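Peer 1: Got a structure here, written out as structure tokens. Questions coming.
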Amino acid sequence: MSMQFFRKLPIPQEVKEMFPISAELAAIRETHIAEIKDILAGRDNRFLMIIGPCSADSEDPVLEYITRLREVQEKVKDKILIIPRIYTGKPRTTGDGYKGLLHQPDPHAKPDMYKGIVAIRKLHLRALQETGFSCADEMLYPENHRYLSDLLAYVAIGARSVENQQHRLTASGIDEPVGMKNPTSGDLHVMMNSLVAAQHSHTFLYRGWEVQSSGNPYAHAILRGFVNEQGQSQPNYHFEDLNYLSEMYLAQGLQNPAVIIDTNHANSGKKYLEQVRIAKEVLHSCRHSDAVRKLVKGLMVESYLVDGAQSPDGNCYGQSITDPCLGWDKTERLLLEMADIL
């Protein structure tokens, strides 16, 4: 037998009962979601900053990082709404390597899915309890969304998942705004088709149930660059790219046209220090076109306590064990400078 059924894991409802969210915290989350939706719909002119580690690999440094973000949020609250990234699953191009907190709650130990489910629930819950932030996570596995569905304020669907039917249909049935990235090939028509699917209602199979979704009018685009046939990173955050996307939105007639610019990945060629320059170039483009400013609702930035990255076997507190990230000093400076520009 090629696949062994190791143990039965608790269903989401059981894990939610083990680590419940209070009515007060649920209200904070609902307020945060409403603010994000207002920005995406153009009812609020603030800028979204979806910012945090490439992968949330350890509870203590992630919470320290988010606590620092809370202090900055108070300084920039009139111009920027911060959504901390707590990405608990890590997509792997070949399937090998560290797959995130869900798979491996201790990066130095063997995978343990039960402990991983508990770890991701506790981390998102602690972030909300201790900082008042309802955070973002990537929907790497649609069936696992329910473990966090009452805690998240924002969901991202990655470049390798955006063509997948189950991701698209699940996105159509959740309350949080969903950002859908362009695929690694860079084909924007694929991304736009995903947005159409996410904004429409569907009947489908989910976690053993026949379900019907109502459609998610706040599903929107994320531009993250792409890789050409020669394996070279190609950006798609420039003024011309944003104009082209604006025209595509007009042609599709989608609700709440919006785009978030991912400043890392193929847009930066994974040169993490370029994120600062890219962020400022996007703001420059917004100043030169009302249509672009109306479309661009924010940025996605990979940032942690310490600059760069280390191997999963490393022990540098607050440094990424996946893609390299901006360190804290550069992050704080970027947020304050952006608020001044805005």
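Peer 1: Which one of the conditions (1) open to solvent by 10 Å² or more (accessible area, probe 1.4 Å); (2) closer than 22 Å to ARG43 by Cα does ALA219 fail to meet, given that it meets all the rest?
Peer 2: For ALA219, the failing item is (1).
Peer 1: Just give me the residues in the range 202-216 being in contact (Cβ under 8 Å) with a residue 60 or more places away in the chain and open to solvent by 50 Å² or more (accessible area, probe 1.4 Å), in sequence order.
Peer 2: ARG207
Peer 1: Tell me, please, whether a residue that is buried (at least 19 other Cβ atoms within 10 Å of the Cβ), closer than 20 Å to LEU336 by Cβ, at pLDDT 95 or above and not basic (Lys, Arg) can be found in the range 83-106.
Peer 2: So far as the range 83-106 goes, yes, one or more of its residues are buried (at least 19 other Cβ atoms within 10 Å of the Cβ), closer than 20 Å to LEU336 by Cβ, at pLDDT 95 or above and not basic (Lys, Arg).
Peer 1: Next question. Quick check on my filter: what residues within the range 246-300 are more than 21 Å from ALA41 (Cα to Cα) and open to solvent by less than 20 Å² (accessible area, probe 1.4 Å)?
Peer 2: Within the range 246-300, THR263, ASN264, ALA266, ASN267, SER268, GLN275, ILE278, ALA279 qualify.
Peer 1: I'd like to know if the range 130-140 contains one or more residues that are surrounded by fewer than 24 Cβ atoms within 10 Å (Cβ to Cβ) and part of a helix (DSSP H, G or I).
Peer 2: Looking through the range 130-140, at least one residue is surrounded by fewer than 24 Cβ atoms within 10 Å (Cβ to Cβ) and part of a helix (DSSP H, G or I).
Peer 1: Which residue pairs have Cβ atoms closer than 6 Å, lie 6 or more positions apart in sequence or on different chains, and pair a first residue in the range 8-26 that is open to solvent by 30 Å² or more (accessible area, probe 1.4 Å) with a second residue that is part of a loop (DSSP other than H, G, I, E, B)?
Peer 2: Qualifying pairs under 6 Å: ILE21/ASP150.
Peer 1: SER149 - would you say it is in contact with a Gly (Cβ under 7 Å, 6 or more places away or on another chain), of a type outside the set (A, V, I, L, M), outside any strand (DSSP E or B) and in contact (Cβ under 8 Å) with a residue 12 or more places away in the chain?
Peer 2: no
Peer 1: For GLU281, indicate whether it is acidic (Asp, Glu) and closer than 30 Å to LYS99 by Cα. First the steps, then the outcome.
Peer 2: Details: acidic (Asp, Glu): yes; closer than 30 Å to LYS99 by Cα: no.
Taking the combined requirement at face value, the residue does not satisfy it.
Peer 1: Could you list, in sequence order, all residues of the range 153-191 that are in contact with a strand residue (DSSP E or B) (Cβ under 7 Å, 6 or more places away or on another chain), more than 30 Å from GLU240 (Cβ to Cβ) and surrounded by fewer than 24 Cβ atoms within 10 Å (Cβ to Cβ)?
Peer 2: Hits for the range 153-191 are LEU169, GLY173, ILE174.
Peer 1: Considering only the range 238-245, I want to know if a residue exists there that is open to solvent by less than 20 Å² (accessible area, probe 1.4 Å) and either small (Gly, Ala, Ser) or without any contact (Cβ under 8 Å) to a residue 24 or more places away in the chain (or both).
Peer 2: As a first pass, look at the range 238-245 and keep what is open to solvent by less than 20 Å² (accessible area, probe 1.4 Å): 242, 245.
Checking the rest, the ones that are also either small (Gly, Ala, Ser) or without any contact (Cβ under 8 Å) to a residue 24 or more places away in the chain (or both) come to none.
No, the range 238-245 contains no residue that is open to solvent by less than 20 Å² (accessible area, probe 1.4 Å) and either small (Gly, Ala, Ser) or without any contact (Cβ under 8 Å) to a residue 24 or more places away in the chain (or both).
The values are calculated or read from the model by the stated rules, or taken from the named source; none is laboratory data. In this text the structure is predicted, and so the values were computed from the model without any measurement. Glycine gets a Cβ as well: all are built from the backbone with ideal geometry, and neighbour counts include every protein chain shown. Heavy atoms of the whole protein, side chains included, go into the accessibility calculation; ligands, DNA and RNA do not. Shrake-Rupley method; radii C 1.70, N 1.55, O 1.52, S 1.80 Å.
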